[in-house]
Structures are given as structure tokens and as C-alpha cells.
Amino acid sequence: MQAPVERRPIPGEQLQTQTSDAVIADNNRVNAESMAWCLKAYGGFRNVTAVSTSAELLQTIRSQRPQVVLVGERLILAGLRDIFLDLAVRLGETKIAVFADALTDRQLDLIANNRVTGMLSRADTVKKISEQLSQIGAGTAVLSEHLNVRLQLLKDGVFRCVASAQMQKLTDRQWDVLLNIAEGRRVSEVAEALSISQKAVESHKYRIMRVIGATDRVDLCRWAIREGLIEA
């Protein structure tokens, strides 16, 4: 039997590049490859690519124009700006979904203000995640029920962080007070720094703790660290 002849490109012809239905991006390559394998085996996706760095993810988006990309928490933060500035993402050709379980409320708020079509949870089954990715690829915004306590999906397909809605109740002056207290300054020092009375600082502090659910100064500092406002 004669061996098949390798087809050579005609001059000026553009050969079709490899495409992916979905891309799984996680800083842990084993996790990315496992999820990719599961989606192909059980989820009905034929072509799934696994990547583990933001540079690799951007290159894959640009070369393969996948229908949907599922990004882990650490990678979405590392490549946030570049990912959402990519032309395919901006034009809506590639939809972005994010595993949001390990993100702080502040980080959720930041990501929700970008072009995200899905906020998913690792607590869901592979079958459920596959169904969600299919919906997202078709342009339907999806919010995992495991994230309902922390996020809201509005009618226009926009996500809103529940905690962000609470934090919007704080005035600019209260934010100033919050950050100063979280950085360890005493009431008298905060008052002097902001040129307000100590009584005003105490009043703002009480209001802040009510809004964020803190019970004391230590709790307030822990909240600020957890939300990434200050470093531990």
C-alpha cells in the first residue's frame, strides 16, 4: 500500500490553525490538564487546551481564538489587564469564565468590572461546569449557585459583588479613616492626619464596622488584610 503523500500548502494559501473549543488555565498544570481531560471525556468538548501561565494563555487566545476560556484565581489576577485587553476578548469572540472561590470580595469586585461572562465554582461537578461553559460560550452569563452569597448576576449580564454594594455605603472620608486605622494608627493620629476631630474619627469607625461586619479594631484590620487593602 502506497504511503499517503503529505499535502503542501499552495503559495499564498493560509492553512487552518489548530483551534480549541475551550482553554483551561490554572497555575497548577496538573489541575489544568485534569480538568481539560475531564471536559473532553465527560463534558462533550472535543478540543480542550490546558495552559499554566498567563503568557501561555494569551498566546493560546491569540493563536486559537477559543470559544471559551476558564481561568483559575491566581492566573486571572496575574494576567488581568492583558487578558481583558486582548482583541478577541474585547470583541466577544472569546468568552471568559473564572473560578472565583478563592478570590476576596475586593478581587471579585475588580474582576466583575471587566468582560467576564461566567463566575464558576470548583465545588460544582465536571458535568455541571461543562454545561456552564457551553452556555458561556454561547454568550449567556452564568453564576454558580455556590457563589450566590457573594455575587449577584444582574439582568444585563453584569456581575456585582454583594460586599461591594455594602462598601459603597462608605463615604470617601470613611475610606480614609478605615485605611488609616487598618495601618495601625491611633484615633488621635488619624484625626491629626485627616484634620478632623477624634470624635469624628470614632463616629466614622463605628459606621465602618457596622457596614463591613467587624466587631472591633482587630477584626477591622483582619478584614482589610483579607480584602487586600493592606499587607499583613
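Looking at the chain alone, DSSP beta bridges between its own residues are antiparallel in about 15 percent of cases.
Across the range 137-143, rounded Karplus estimates of 3J(HN,Hα) from the backbone phi angles (6.51 cos²θ - 1.76 cosθ + 1.60, θ = phi - 60°) give x, 7, x, 8, 5, 10, 10 Hz, Gly and Pro being marked x. Quick one: of K127/K155; K169/K205; K40/K155, which pairs are farther than 20 Å apart, Cα to Cα? Cα-Cα > 20 Å for K127/K155; K40/K155; rest within. Please state, to two decimals, what the Cα-based radius of gyration of the chain comes to when divided by 2.2 N^0.38 Å (N = residues). Compactness ratio reported: 1.32. In loop segments of the range 73-175 as defined by DSSP, the trypsin sites (Lys or Arg not before Pro) with at most 11 further C-beta atoms inside 10 Å of their C-beta are K155.
Subtracting the Cα-Cα distance of L85 and D216 from their residue separation scaled by 0.36 nm leaves 43.1 nm.
Less than 5 angstrom separates the built amide H of R150 from none of the residues sequence-distant by 5 or more or on a different chain. Go ahead and run the numbers for FRET between R62 and N28, Cβ-Cβ distance against an R0 of 22 Å, rounding to 0.05. About 0.45, to the nearest 0.05.
Looking at the range 110-202, the GluC sites (Glu not before Pro) that sit in a DSSP loop and have at most 16 other Cβ atoms within 10 Å of their own Cβ are E183. Here the contact order of the chain, divided by its residue count and restricted to Cα pairs under 8 Å and six or more residues apart, works out to 13 percent. Exposure proxy ranking for M167, M119, based on other Cβ atoms within 10 angstrom of each Cβ and starting from the fewest, stands as M167, M119.
Rule-based calculations on the coordinates, nothing more; no lab input. Since the structure is predicted, the reported quantities are computational estimates derived from the model, not experimental observations. Quick reminder, even Gly has a Cβ in these numbers, built from the backbone with ideal geometry, and neighbours come from all protein chains shown.
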